[in-house]
Every structure is written in C-alpha cells, then in structure tokens.
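Accompanying notes for the structure given below.
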Amino acid sequence: MIELPDSEILPLSLAHSFWTWSAQGKVSPIPVKRAKGVYFWDVDGKRYLDFNAMTMCVNAGHGDERIINAVVQQAQELPYAGPPFATKPRAVIGELLSKITPGNLDRFLFTLGGADANENAIKLARAYTGRHKILSRYRSYHGASAGAIAATGDPRRTSWEPNVMGGVVHFLDPYRYRSTLHRTNPDISEAEFAQDYLNHLEEIIMYEGPDTIAAILMETVTGTNGVIIPPEGYLQGVRALCDKYHILLIADEVMSGFGRTGKWFAVEHWNVVPDLMTMAKGLSSAYAPLGAVAINPKIADFFTDRVFQSGLTYTAHPISLAAAIANINVMKEDRIVEWAAAMGPVLRRKLNDLGESHPSVGDVRSIGLFGVIELVRDRKTKEPMAPFNGSSPEMTAFRKYCLDRGLYLYTHWHTVLIIPPLIITEEQLSEGIDIIDQALAITDKAVKG
C-alpha cells in the first residue's frame, strides 16, 4: 500500500504530472481514491456515477475481486516474461479469444493499447499486400501515436501534421443526421442512404488506385466522434468492396468491442468478418494495459517464413493477459454481454424520452450501452450547441452541473456520450439520466426561437 495522505494526492499530482489533451495550467482533475461497481469516490468521499466507464474501458465494472485476484496471483507467480517466451496466460488467452472473435480470426498479436494495436494492424496490412495506402474516415479516432493519429480523421490529427505517418486517405462517414450527401433529400430510405456512401467510398478507391490501397480501417461503430451506427447494408457493402478490389478490412473494435454494443464485437450485428480486428479497453476492462490485433490465418501464414519487423517490450505481458483472461471469464460467468444487450432498449427508450422533452436535443443514437445525445441550438438548422472542434459556455455549464451532482460523463464538442460499465442496472441508469434531464434545462435556454 502506498503511504500518502489523501490531501497530498491532488497537489503532488499537479506538481509533477504532465497531462495529456490539456493545457497544463487549466487541468482540474478529480482526486479519485477508490471505485466499485459503477461508482467511484474522490478523496473527500463524494460518490460519482461513472457514465463513461472511466475512459470507455471498464466494461466489467470497477473493483471486481475475481479480476483483481487473478492479477495478484500472476504477479506472485510470474510478473514478467519477455516477448520471445511462451507463458501460461499467453497459452490460455489465445484459446479464449479465438472462441469469441468472429469467423476465422484466431491468431493474436498483443500490444499495450488501442493505438499500438491499430499501428500494428496497419503494418501487417502493408506488409501482406505490398501496398501502402490506408483509407479511414473523417470522424474516426484510432489513437494518439504517430501512425494511429495519422489514421485518425478528426482534428486531433492536424496538430501533428505533416510529421506523422504518410499514405492515409480519409473519406466521409455515413452520418445520417448530418449527411453531406443528403442535405436536400434527407428522407431517402436506409438502403439508398447506405448505397450513396458506398458509392462515395468506391469512387475514392477508384481515384486513389485500388492497387495502391492496403486496407480500409474503420471503427465499426464510430466512438467519441458521435456513436455513429452504420446503416443496414453499409458494413456488408464495405466488405464487398474490399473483396472486389483485394483490399484488407481492418475493424477497430477498441471501443465497440467486448459487449459494449450487446455483442462480443460490433461487427457481429452485421455478420461481417474483417481481415484484421483491433481491440483494447474492454479486453481487460482496464485492470491492466492491453491491446491486441486479431489476424486471419491467411495473413498469419504469410509470415511463416517472413519476419514481421515490429515488436514491443511488453508484448503479451503476463499480468495484462491474466487480467484479460479473468475479465473474459467474468463476462461469461455473469452474462455481461447478454445484460448489455438487454439494457440496450432501456437506454434507447430513456434517450428518446429526453429527446421528446428537451428542444435542445437534436438527435439521440444508441446500440447496446453505447449512446450519444446530440445537442443543438436549432432543430431545424441543426446548429450544434458547440462548434466543430470546440466547446461553448452551455456545454461547459452542462458538464459542471452533472459533475456537481455526482455524474461523471464525457462531452465532446456538442455531444454527450453515455458509455457506462456494462453491469449497470436500470435503476442506476435512471439515476444518471435523471441528472442529465435536469442539466438539459441549461442547453434548452440556448435554443433559438
């Protein structure tokens, strides 16, 4: 146990830590002390309902003793073994994962998180195909390391250009509420909507040259950039385009995997099997850092006599793998994925109720326990409550209201994300939604007309 008075946690953290995604003089962290279930507590004993699963990752909930004990036991037996070694957790995790991953994805390259999983997936795709271009979407986020941020489409990428990985081409997301292609004909059918965006993608493939494109990398369900759920037929259509032009499909399931959408992996909703699939976050429910790339046998076999020129010191770290094994077993034992699926309609109903009650709610979207509220100043024009890549006094006040009342959530520009631990009950979900309901009075006042 670390000996330190609670009163010193915040000042010492501020004195010596360099904070990510922040201006250092403006950080205001919560000095958190403990967590259990769907709640965490600060050093003053204030309880927060965690509506963001910390960083969209604590899928199995906080403080599960079964996962904690597995980590402790592994640390006592074998705390570390280097990448060349075979270990008990390395043997077990592969078999476990192969039984829940879709199709024939049964080989796994282990990393420390989602960013390096995506970077290694890109390396695998480029080496296998002999091509260099990667296509990804504008509203994507794939990580903050040099390669992953280059693949990212959102504005977090632009701060580091041009000193990032080259060869990335971005394309538009099938974002129905703000569709660039349908501003004058918003009432087309879902099938037509999906086809228009598939046509857009195929045109870009044609312009770029199919024989230069290694892979299409996409979040199955877009995460922080709006929980954009693909329309029926879209993901199947992307798979067909990849097959047509001999391009690999990489599914980024870092946020949408491990039960978040009510399936082990979101691709299962559309019966699509990618060639490579990345995962992290819910893989270990963040009890230890871990990411992975799931690889189909054809790509894995390509490297039977070829060296894969990449590696990480902490590849297949025994403690991280032990956490993942325990996490998956807990999720199976407690039927957490099935619970998330059952809670999906409950969340959707509650979000729809908010939309009916508040004029500042322009749209709501959810799949499983993966939801978003999109706030606007004008429902007719869809003017967002905060500008693209920015915030506003109303969004700041909205989040502060929630935090003051013990609800921890993530706001991104003009959206509010609902991503709780998957073990949340209907009563606990209502507890958080009720606070959001009250906080929306702030944004309602900004509605025009």
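The values are calculated or read from the model by the stated rules, or taken from the named source; none is laboratory data. As the structure is a computational prediction, the values presented were derived from the model and not from experiment. For neighbour counting, all protein chains shown are included, and Cβ atoms are generated from backbone atoms with ideal geometry for every residue, glycine included.
Each residue in the range 328-352 was checked for being buried (at least 16 other Cβ atoms within 10 Å of the Cβ) and closer than 19 Å to GLY432 by Cβ, and 10 pass. Of the candidates SER136, SER179, the single residue that is surrounded by 21 or more Cβ atoms within 10 Å (Cβ to Cβ) and hydroxyl-bearing (Ser, Thr, Tyr) is SER136.
Rundown of residues vs (1) modelled with pLDDT of 95 or more; (2) of a type in the set (Ser, Thr, Tyr); (3) outside any loop (DSSP other than H, G, I, E, B); (4) within 30 Å of GLU77 (Cβ to Cβ), yes/no style:
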residue: ALA316; (1), (2), (3), (4): yes, no, no, yes
residue: ALA322; (1), (2), (3), (4): yes, no, yes, yes
residue: ILE328; (1), (2), (3), (4): yes, no, yes, yes
residue: ALA340; (1), (2), (3), (4): yes, no, yes, no
residue: GLY344; (1), (2), (3), (4): yes, no, yes, no
residue: ASP353; (1), (2), (3), (4): yes, no, yes, no
residue: GLU356; (1), (2), (3), (4): yes, no, yes, no
residue: PRO359; (1), (2), (3), (4): yes, no, no, no
residue: PRO387; (1), (2), (3), (4): yes, no, no, no
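Residues in the range 33-56 that are crowded, with 16+ Cβ neighbours inside 10 Å, more than 14 Å from ILE424 (Cβ to Cβ) and either hydroxyl-bearing (Ser, Thr, Tyr) or in contact with a Phe, Trp or Tyr (Cβ under 9 Å, 6 or more places away or on another chain) (or both): TRP41, ASP42.
Only one entry in ARG379, ARG365 is basic (Lys, Arg), under 27 Å from GLY262 (Cα atoms) and outside the structural domain of THR220 (by TED's automatic domain parsing), namely ARG365. A count restricted to the range 207-224 and to residues that are over 17 Å from ILE134 (Cβ atoms) and surrounded by fewer than 22 Cβ atoms within 10 Å (Cβ to Cβ) stands at 1. For the range 139-167, a tally of residues being in contact with a helix residue (DSSP H, G or I) (Cβ under 6 Å, 6 or more places away or on another chain) and either of a type in the set (D, E, K, R) or crowded, with 21+ Cβ neighbours inside 10 Å (or both) returns 6.
In this structure, GLY237 does not qualify as at positive phi and either crowded, with 23+ Cβ neighbours inside 10 Å or out of contact with any Phe, Trp or Tyr (no Cβ under 8 Å at 6 or more places or on another chain) (or both). Per this entry, PHE398 is counted among residues that are closer than 22 Å to ASN225 by Cβ, touching a helix residue (DSSP H, G or I) at 6+ places or on another chain (Cβ under 6 Å) and surrounded by 23 or more Cβ atoms within 10 Å (Cβ to Cβ). Scanning the range 318-355 for residues that are out of contact with any Pro (no Cβ under 8 Å at 6 or more places or on another chain), more than 15 Å from ARG66 (Cβ to Cβ) and not aliphatic (A, V, I, L, M) gives GLU338, TRP339, GLY344, PRO345, ARG348, ARG349, LYS350, ASN352, ASP353, GLY355.
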